[in-house]
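Trainee: Pasting a structure below so you can have a look.
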């Protein structure tokens, strides 16, 4: 069975030493968010992850969810774990204290989520979906809706879902057909079928609050005629007690490659009572609020699975003995050396490590921007932070899931044949990770979002929030001898990013397919530069700590070594990506559709 | 359920137009191997693949193999399909007619195998393992052993296995412990435990002929004390009838990520009667004969799964409607365009296609070399062909499985969320493909074989069989205006390969870890250049056909378009690989083992 130890030292390095979240205490509501609280929250959540959730991960995968007569039963142990989790106040950690949540910074809640996902990604989808519903109701709900739903969601008494996809439409929501007929009492009768609804039905909560996209009778076609509705599984009486069962039922659950303990449901709505949330026909906007947070959350899944896969691959590589070091036996008294002596095993472990720690830095930096976007006293700083988060959301989502999938596969590979056997648990990480590249918008959709929306938005305003600070960093540190080995390759990669950004801007104007064909490679190049920036930033802190003397020299030395690996072995991919992008759309689009 | 149509047109293009296998008719035993026979064999095997094997692929995965009381039951339908397959004479198609086989060229048998694997990889492992046993006995067995075993193996009355791995040793076979005690009658008593034995026990054949590596009492330690034994499940009487049950039994089967209809067995040998095959203590050499053929066979699995994944992804992309073409609606009368209009979907399909067709060309070229190595009248030509096959075996194995896994994942990705659901079958291709990067030597081991054995062998003699023809091709075609667009990028990539080959030769001499750390990147670079050479060769034939006029212009035009895609979008990776390789071993090896 895989083991897991929450990477607390690295999380505190990132949160405190790199991001300096201590400064968040100046923001409204975060006065208590100092080092002690951070340590306490991280330490407690590590315990839950390691002791409560991890032991259910493999058994949950084996057992899967069961469906019979409209009822979904989660795997053994999930109910008790969910109660522990909910009663600990871990749901919606960064939510509004007025409704019973903890009001902690989102960046801290993100670190907590990472642990929960590493330990049991399938389990984490249930509170994750609740957090999505909380986000939508908090941002777009009426005061009465907030009062009715938020406290029970925060307590984990009620579950939540997002209902977007229908059999004939996933990416292209403009095609959606679920209907909402206005009733005399102000509610709507919702009718339609939704598919791929995570946590659509389960036995963990007394009620489930579905957030459903539907089209009000007579609304415009396309995405401009879509509204968002609250559809509770059980209607809620005026006094907050549960009333009649609503006209929504789970028709079946999917048999999936992985994430088997997370129920993926077909949801049938038949004259179900729904309550409009936000304005009519503005449902897509409301849904995007949820979706952006969800996209960062999916990026986090890629990262979190990479972390646990890395830990287990490293442990196995230290134990498993096969062959001898190329430089001569490392353990001559043993029949063979541990496989960690082999350069190719090292290459795999270093790749995983460089991705995981770099990805964590990038993701937490983005999460911090979301805190600042909500809370900073300065309006311009809020806007800048929001721009940064908007720009980085697709980059984080696609890069961390695509590289995360590569990383968990490297973890499996370190195990050799044993990795292919269910027992070791490594193949589960691969199966679980595979969905992250797909749901909440495939990697290809993220790339289009970056190239088609985020780059051109406000004539490049978002982009400046990434380019300018990076440029400043390079200017500031160019002459710093301690950082030259990191700054030089990063500057070269950044130059490539600037060149292809200009190329796409120019060529894409003439022919949108140039931008479309370049999008995936462009996002990857962007992601690598963003990871490079994160690594150079970490290297700066580590070099400073080492220069000023520290009892933790091995930690900072390892940081520098991993930063060197990233620059030497991962960042050079930017050269190939630039060549691919500037080779243009013609080779991609040349074949007629019938020729495939 | 996935569909499959054998790619007969491309196979005939490769075999007849590119490789010119008609010329094989000059070789002993191949006089009949002309166009008519090729067409007949390919056509018949396509039917078996499409009609008999494909329908059992998904059901076989769902059902898996069952184990109870030492007995393994294959999924429903496998027994009948195996009888059809065996009675059709498809086992050991290229085997010796003296023992009842068809004696066809190996290159043709390889094309046939591709279809079987595409349709049902798990099923194909049973005849595949029989072919391995046939190979070992044909090459190393005594005349009596050949008479006893080969005819029944060719008929599929008996199964075969390869027993290498033990719980504590896979890659490092020098550690193996299975013992062989000589008996007075010349046989040996074999005792030990083998794991990960494909087809170790099943219900498809009356007997199973295990080929087992073991150490004769008193033999030297390490790989020089290993011998190969034949250990039949049922002993064979002098008259060929089955005798007593031997002391070998299946202890359990593994629960695996994929390939679930192929039984992966723990095999317990307890005083089992074994017969030495070949010389004592030379078992590793004999096993390598089998392993090289098996490695090419595994490369073929990567390719074959990519083919079926491609076919289904392309079909889905033509049908599924989401969004609109970036250049404006392609089907304005429909609510949305098929997703094949989207450049990012095209990118995925073209990548799969360029890999699959290029991989097929590379693999069949290697298979042809194996025919020539066995049959060419000229001794020097035989040696050259053998050198080529020896060099390319690790390249084919690792490149076609690593890129094959990427390709099937792209196939899944084209399906979006539906790809993650078992029903569509795309995720099965991913689970099945994942083992190919591991068994018969991981990709990392292939890379070490290439860099550590094949490059330095006979002071670079093997390498010349790849470098010289490629160099000649580039010289010959440099001035050919029809091929300039293919020759120029290939020449640049080849220059990179030459540079890093020299770099590894020099640096690896000083420090073997330089070679070890570069190995995986080097193999990938080598593989891309080899695919590039294959594509340029195909482009040459296609350009000539088009120039001379042909009724099949769309086929050849598509070839050229796909060749262009490969050169523009896949070959540029060589630049990044060169940078990574020459960044050296230091960044890979810097961390202490305890720091992971």
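The values are calculated or read from the model by the stated rules, or taken from the named source; none is laboratory data. No experiment lies behind these values; they were computed from the predicted model shown. Cβ placement follows ideal geometry from the backbone for every residue including glycine, while neighbour counts extend to all protein chains displayed.
Trainee: Are any residues in region A:490-512 crowded, with 22+ Cβ neighbours inside 10 Å and facing chain B (nearest Cβ under 10 Å), and if so, which ones?
Mentor: Within region A:490-512, A:508 is the sole residue that qualifies.
Trainee: Here's something else I'd like to know. Taking region A:462-515, which residues are more than 30 Å from the chain's Cα centre (by Cα) and closer than 28 Å to residue A:380 by Cα?
Mentor: Hits for region A:462-515 are A:475, A:476, A:477.
Trainee: Next question. Looking at (1) part of a loop (DSSP other than H, G, I, E, B); (2) at pLDDT 95 or above, find the lone condition where residue B:304 falls short.
Mentor: Every condition holds for residue B:304 apart from (1).
Trainee: Right, another one. Being farther than 22 Å from residue A:352 by Cα, in contact (Cβ under 8 Å) with a residue 60 or more places away in the chain and outside any helix (DSSP H, G or I) is the filter here, so list the residues in region A:365-424 that pass it.
Mentor: A:376, A:377, listed by residue number.
Trainee: When the residues of region B:240-250 are narrowed to those that are surrounded by 15 or more Cβ atoms within 10 Å (Cβ to Cβ) and in contact (Cβ under 8 Å) with a residue 60 or more places away in the chain, which ends up nearest to residue B:431 (Cα to Cα)?
Mentor: In this case the residue turns out to be B:250.
Trainee: Go through region B:170-201 and give me each residue that's in a loop (DSSP other than H, G, I, E, B) and at positive phi.
Mentor: Of everything in region B:170-201, those that are in a loop (DSSP other than H, G, I, E, B) and at positive phi turn out to be B:186, B:199.
Trainee: Identify the residue in region A:317-332 that is part of a helix (DSSP H, G or I) and in contact with a helix residue (DSSP H, G or I) (Cβ under 6 Å, 6 or more places away or on another chain) and, among all such residues, is surrounded by the most Cβ atoms within 10 Å (Cβ to Cβ). Working first, answer last.
Mentor: Initial filter on region A:317-332 (part of a helix (DSSP H, G or I)): A:317-319.
In the following step, the residues that additionally are in contact with a helix residue (DSSP H, G or I) (Cβ under 6 Å, 6 or more places away or on another chain) were identified as A:317-318.
Working: A:317: 22, A:318: 16.
By that ranking, first place goes to A:317.
Trainee: Another question about this same structure. Looking at (1) surrounded by 23 or more Cβ atoms within 10 Å (Cβ to Cβ); (2) at pLDDT 95 or above; (3) touching a helix residue (DSSP H, G or I) at 6+ places or on another chain (Cβ under 7 Å), which is the only condition residue A:203 fails?
Mentor: (1)
Trainee: Within region A:574-594, is there a residue that is touching a strand residue (DSSP E or B) at 6+ places or on another chain (Cβ under 8 Å) and closer than 30 Å to residue B:342 by Cα?
Mentor: yes
Trainee: Does region A:165-219 hold any residues that are more than 20 Å from residue A:236 (Cα to Cα) and without any contact (Cβ under 8 Å) to a residue 24 or more places away in the chain, and which are they?
Mentor: Result: A:168, A:169, A:172, A:175, A:218.
Residue-wise test of (1) more than 10 Å from every other protein chain (Cβ to nearest Cβ); (2) crowded, with 23+ Cβ neighbours inside 10 Å; (3) under 16 Å from residue B:125 (Cα atoms).
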| site | (1), (2), (3) |
| --- | --- |
| B:403 | yes, yes, no |
| B:407 | yes, yes, no |
| B:419 | no, yes, no |
| B:422 | no, no, no |
| B:429 | yes, yes, yes |
| B:432 | yes, yes, yes |
| B:435 | no, yes, yes |
| B:440 | yes, yes, yes |
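Trainee: Would you be able to say whether some residue in region A:104-115 is within 14 Å of another protein chain (Cβ to nearest Cβ) and either assigned to a helix (DSSP H, G or I) or touching a helix residue (DSSP H, G or I) at 6+ places or on another chain (Cβ under 7 Å) (or both)?
Mentor: To start, the set of residues in region A:104-115 that are within 14 Å of another protein chain (Cβ to nearest Cβ) comprises none.
No, region A:104-115 has no match at all.
Trainee: Identify all residues within region B:153-169 that are part of a helix (DSSP H, G or I) and either surrounded by fewer than 24 Cβ atoms within 10 Å (Cβ to Cβ) or in contact with a strand residue (DSSP E or B) (Cβ under 8 Å, 6 or more places away or on another chain) (or both); write none if there are none.
Mentor: In the first step, residues of region B:153-169 are kept if they are part of a helix (DSSP H, G or I); the result is B:153-154.
B:153, the sole residue that qualifies.
Trainee: What is the residue count in region B:556-596 for residues that are within 23 Å of residue A:517 (Cβ to Cβ), more than 7 Å from chain A (Cβ to nearest Cβ) and not in a helix (DSSP H, G or I)?
Mentor: 1
Trainee: Okay, next question. Checking the condition in a helix (DSSP H, G or I) and at pLDDT below 95, which residue from B:348, B:287 passes?
Mentor: Of B:348, B:287, the one residue that is in a helix (DSSP H, G or I) and at pLDDT below 95 is B:287.
Trainee: Please go through region B:6-53 and pick out each residue that is touching a helix residue (DSSP H, G or I) at 6+ places or on another chain (Cβ under 8 Å), within 22 Å of residue B:554 (Cα to Cα) and not in a helix (DSSP H, G or I).
Mentor: B:6, B:7, B:19 - these are the residues of region B:6-53 that are touching a helix residue (DSSP H, G or I) at 6+ places or on another chain (Cβ under 8 Å), within 22 Å of residue B:554 (Cα to Cα) and not in a helix (DSSP H, G or I).
Trainee: Testing residue A:341 on (1) in contact with a helix residue (DSSP H, G or I) (Cβ under 7 Å, 6 or more places away or on another chain); (2) within 14 Å of chain B (Cβ to nearest Cβ), one condition comes back false. Which one is that?
Mentor: Single failed check for residue A:341: (1).
Trainee: Collect the residues in region B:170-184 that are away from every other protein chain (no Cβ under 14 Å) and surrounded by 18 or more Cβ atoms within 10 Å (Cβ to Cβ), keeping them in residue-number order.
Mentor: Selection gives B:178, B:180.
Trainee: Moving to a separate point now. What pairs come up if the first residue lies in region B:318-330 and is more than 7 Å from chain A (Cβ to nearest Cβ), the second is crowded, with 16+ Cβ neighbours inside 10 Å and outside any strand (DSSP E or B), and their beta carbons are under 6 Å apart, counting only those six or more places apart or on different chains?
Mentor: So the pair list comes out as B:320/B:339; B:321/B:336; B:324/B:337; B:325/B:337; B:325/B:341; B:330/B:337; B:330/B:341.
Trainee: OK, next. Which count do you get for residues in region B:259-291 that are closer than 23 Å to residue B:433 by Cα and crowded, with 24+ Cβ neighbours inside 10 Å?
Mentor: 7
Trainee: Would you confirm whether or not region B:541-553 contains a residue that is within 14 Å of another protein chain (Cβ to nearest Cβ) and not in a helix (DSSP H, G or I)?
Mentor: Yes, there is a match, as at least one residue in region B:541-553 is within 14 Å of another protein chain (Cβ to nearest Cβ) and not in a helix (DSSP H, G or I).
Trainee: Quick one: which of A:534, A:515, A:519 is more than 24 Å from residue A:579 (Cβ to Cβ) and either in contact with a helix residue (DSSP H, G or I) (Cβ under 6 Å, 6 or more places away or on another chain) or more than 12 Å from chain B (Cβ to nearest Cβ) (or both)?
Mentor: Details: A:515 fails: more than 24 Å from residue A:579 (Cβ to Cβ); A:519 fails: more than 24 Å from residue A:579 (Cβ to Cβ).
After ruling out the rest, the residue left standing is A:534.
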